[in-house]
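Q: Attaching a single structure in structure tokens format; questions to follow.
A short reminder: the numbers here are calculations on the coordinates, not readings from a lab. For clarity, every value in this text was computed on a predicted model and none was experimentally measured. Every residue, glycine as well, gets a Cβ built from its backbone with ideal geometry; the counts of neighbours run over all protein chains shown.
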Amino acid sequence: MGWVMSATIAVEELRVGMFIHLDLKWWAHPFALSSFRLSSQDQINTIKRLGVTQVRWCPDKSEPIPEPARPSAHTGDPEVRIETPLQRTSANRQQQLAAQHEAERLCSRQYGEAAKSWQALTDLVPQQPEAAREAAEGLTQALLAKMMVDGELCIRVLADVQADRTTTHALNVAVISMLMGRVFGFSESEMLDLGVGALLHDVGKLDLPERVRRGDAQACAADQALYREHVARGVAHGKRMGLSPGALLVVAQHHEMADGSGFPQKLNVDRMTAAARIVALVNRYDNLCDPAVPAHALTPHEALSLIFAQTRAKFDASMLNAFIRMMGVYPAGSVVQLTDDRLALVTRVNSTRPLKPRVLLFDPAVPASEALQADLQHHADVGIRRSLRPQQLQADALQYLAPRQRVVYFFEPAVVEQTGHRQQVAA
């Protein structure tokens with residue numbers, strides 16, 4: 001259920017408490033969201049400096065402007081409108097639901113813009129390599145402008161993304177890798193190298209036949225050898241593009257492993273850059289969730305568990321531990337059973353509370369489109385018991401929770417949840 005902006009207003013008339021929408025590209029303003037309630041005069045001053053003369057606003061979602069009390073015709077006393085507890089609860093729930101849907105739409109729109117930018121820059125690689133580099137740097141800087149802010153960020157799983165696997169893989173690896181760089185305190189230049197390298201880590205696959213681009217382990221030896229050539233081809237493209245040394249090393253080393261078992265040079269952890277170690281880990285995780293053969297796909301929880309249990313020697317230990325903390329033991333996109341036996345889909349993870357993500361609960365009494373997602377951090381008595389594969393769900397739960405065949409990630413600021421979620425979680 002969406003809301004519609006019903007009016008425009010001159011920036012000179014903006015007041016604290018108004019809920020506004022900025023009709024600007026998400027990287028063209030400094031706010032975490034494009035739609036939000038004004039909470040300070042500083043925000044209004046910032047909007048004025050953007051050069052816009054009008055913005056859209058939603059009176060229904062704005063805080064009411066107090067009106068003078070009107071005398072009652074019968075008693076002479078001020079007229080008082082009494083709101084029942086039930087009305088307050090219903091209004092609060094509708095407000096939360098509208099905000100939840102708007103946040104989902106905003107995140108999806110931002111991702112869509114990033115996907116279009118990535119697709120456009122890859123089209124430039126063959127004939128305009130330097131322009132492709134400039135576009136990759138611009139996209140990375142746009143992502144960083146939203147990412148390098150004070151406060152916590154959450155990792156969200158997106159639904160109904162209209163993008164091919166090549167695009168979603170590149171953006172998944174870039175977004176998660178940059179979030180990892182943020183965790184490790186990378187400098188601005190290091191973050192730029194990390195982001196550009198992650199976006200372009202598979203650029204060498206542009207030269208390969210479609211049949212070998214996914215790296216199927218069951219492919220014939222000749223196709224596997226051809227697949228491995230994408231690293232050298234990527235480095236060649238990177239040099240033509242004029243990538244920085246740091247970004248170029250990410251392209252060159254994204255299939256190397258900490259134990260020396262990777263390719264093409266069999267480097268160990270001491271000879272890999274920090275950025276390349278991050279991208280190698282994130283690349284492996286995303287390939288497990290979305291492999292060449294869809295039937296072999298692992299759930300996010302299974303992918304994380306397999307990396308830790310069976311292949312952790314292949315990755316930098318400190319980075320693997322940080323990755324698990326950031327993604328959560330049950331990453332966004334995981335289907336889970338709670339400690340009270342209810343089923344849920346993990347929709348968002350705050351890295352500071354990895355065991356208490358936000359979830360969509362399966363509740364047949366509430367339509368999925370009207371279900372408030374529950375933030376488990378507010379409920380000490382409810383946790384996650386185990387992860388489930390989608391195939392283990394009954395048909396009604398599978399349709400309701402709708403786990404994604406292709407897990408697509410993006411990020412958003414952590415928002416303080418309202419207490420209204422208590423009704424959604426309480427048994």
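Q: Pick from GLN224, GLN337, GLN41: which residue has the top mean-square fluctuation in a GNM of the chain where Cα pairs under 10 Å get a spring?
A: GLN41
Q: Same structure again: Just the Kirkwood number for region 200-251, please: inverse of mean 1/r across all distinct Cα pairs, in Å, one decimal. Present the calculation step by step, with values, prior to reporting the outcome.
A: Values: mean 1/r = 0.0887 Å⁻¹.
One decimal place: 11.3 Å for the Kirkwood radius.
Q: Which value, in nm² and rounded to one decimal, describes the direction-averaged projected area of the C-alpha convex hull of region 335-425? List each step's numbers first, then the result.
A: Numbers: hull surface 24.6 nm².
Quarter of the Cα hull surface area: 6.2 nm².
Q: Two decimals, Cα atoms only, Kirkwood Rh: what is Rg/Rh over the chain?
A: Details: Rg = 24.1 Å, Rh = 23.5 Å.
Here the Rg-to-Rh quotient is 1.02.
Q: Quick one: 3J(HN,Hα) in Hz for region 275-281, Karplus 6.51/-1.76/1.60 with θ = phi - 60°, rounded, Gly and Pro as x.
A: 4, 5, 5, 5, 5, 4, 5
Q: In region 233-373, with Lys and Arg counted as +1 and Asp and Glu as -1 at Cβ, which of these residues, ASN321, ASN287, GLN253, has the Cα nearest the positive end of the dipole, that is, farthest along it?
A: It is GLN253.
Q: Report, in debye and to the nearest 20, how large the dipole of the chain comes out about its Cα centre when Lys and Arg carry +1 and Asp and Glu carry -1 on their Cβ. Mind showing how you got there, number by number?
A: Values: 45 positive and 46 negative charges, 137 e Å.
It comes to approximately 660 debye.
Q: To the nearest 20 debye, what is the magnitude of the charge dipole of region 194-243 about its Cα centre, counting +1 on the Cβ of each Lys and Arg and -1 on the Cβ of each Asp and Glu?
A: Values: 8 positive and 6 negative charges, 31 e Å.
Its charge dipole is roughly 140 debye.
Q: Net charge around VAL157, counting only other residues with Cβ within less than 12 Å of its Cβ (Lys, Arg = +1; Asp, Glu = -1)?
A: Working: positive: ARG156, ARG348, ARG358, ARG404, ARG406; negative: GLU104, ASP160, GLU412.
Once positives and negatives cancel, what remains is +2.
Q: If you build the Cα gyration tensor of region 235-309 and take the root of 5 times each eigenvalue, what three semi-axes come out, in whole angstrom, biggest first? Walk me through the numbers before you get to the answer.
A: Details: eigenvalues 127, 46, 20 Å².
Equivalent ellipsoid of region 235-309: 25, 15, 10 Å, largest first.
Q: Show me, for region 310-317, the HN-Hα J-couplings you get by feeding each phi into the Karplus relation (A = 6.51, B = -1.76, C = 1.60, θ = phi - 60°), rounded to Hz, glycine and proline as x.
A: After applying 6.51 cos²θ - 1.76 cosθ + 1.60, I find 10, 10, 5, 5, 7, 10, 4, 4 Hz.
Q: Also, quick follow-up: Considering only lysines 8 or more places apart in sequence, or on different chains, count the pairs in the chain whose C-alpha atoms sit under 23 Å apart.
A: Number of lysine pairs found: 12.
Q: While we're here: For n ≥ 4 DSSP H runs only, could you compute -39500 (n - 2.57) per run for the chain, divide by its residues and tell me the 222 nm figure to the nearest 500?
A: Values: 12 runs with 179 residues, N = 427.
That comes out to -13500 deg cm²/dmol.
Q: Let me ask something else. Specify the residue with the greatest mean-square fluctuation among HIS201, HIS378, HIS296, computed from a Gaussian network of the chain linking alpha-carbon atoms under 10 Å apart.
A: HIS296
Q: Say we join alpha carbon atoms closer than 10 Å with springs in a Gaussian network model of the chain; which of LEU158, LEU50, LEU194 then has the biggest fluctuation?
A: Among LEU158, LEU50, LEU194, the largest GNM mean-square fluctuation belongs to LEU50.
Q: Report the one residue of LEU14, THR122, LEU158 whose Cα lies farthest in the direction of the positive end of the charge dipole of the chain (charges on C-beta: Lys and Arg +1, Asp and Glu -1; origin at the Cα centre).
A: Selected residue: THR122.
Q: Still on this structure, I have one more. Given the C-alpha atoms of region 213-362, compute the convex hull and give its volume per residue in Å³. List each step's numbers first, then the result.
A: Numbers: hull volume 20.3 nm³, N = 150.
Expressed per residue, the convex hull around the Cα atoms of region 213-362 is 136 Å³.
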